[in-house]
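Asker: My structure is below; once you've seen it, I'll send some questions.
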Amino acid sequence: MLGQKEAEERAAAFLDAQSRTWSLSDVRIIREYCFTEEGRFIAPYNTTAYLDRGVDDARLGGNLPVCVDLKTGECSFITWAEAEDFMDRDML
């Protein structure tokens, strides 16, 4: 079972690899918004321009958080249905 630090590191590495093909690839996990739910580490993210300098035009919309399975370490993005569920419960 992964601890939070290792899960966060895996989420960040996954996000880095995935974002290399995006037009806005300078993104970062938002540590203070990460949480664990049912054996999964959920890691929201945004651009560093928005997070560090508050550049509102650089803020992402519709991006799905990274999910790390705490048993296997496998990473993916959550689904829209999961995002809606988390938003309904004020977790995102």
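The values are calculated or read from the model by the stated rules, or taken from the named source; none is laboratory data. What you see is a predicted model; the values in this text were computed from it and never measured. Counting neighbours? That spans all protein chains shown, and the Cβs are built from the backbone with ideal geometry, glycine included.
Asker: If a residue must be farther than 10 Å from R28 by Cβ and not hydrophobic (A, V, I, L, M, F, W, C), how many such residues does segment 45-56 contain?
Answerer: Adding up the residues that qualify gives 3.
Asker: Being within 22 Å of F86 (Cα to Cα), polar (S, T, N, Q) and under 13 Å from the mean Cα position of the chain (by Cα) is the filter here; which residues of segment 1-60 pass it?
Answerer: Those that are within 22 Å of F86 (Cα to Cα), polar (S, T, N, Q) and under 13 Å from the mean Cα position of the chain (by Cα): T36, N46, T47.
Asker: Those residues that are surrounded by 14 or more Cβ atoms within 10 Å (Cβ to Cβ) and within 14 Å of F77 (Cα to Cα), I need them from segment 14-27; list them, please.
Answerer: F14, L15, Q18, S19
Asker: I'd like the full set of residues that are modelled with pLDDT of 95 or more, surrounded by 11 or more Cβ atoms within 10 Å (Cβ to Cβ) and assigned to a loop (DSSP other than H, G, I, E, B), limited to segment 56-90.
Answerer: Selection gives L64, P65, L70, G73, E74, I78, T79.
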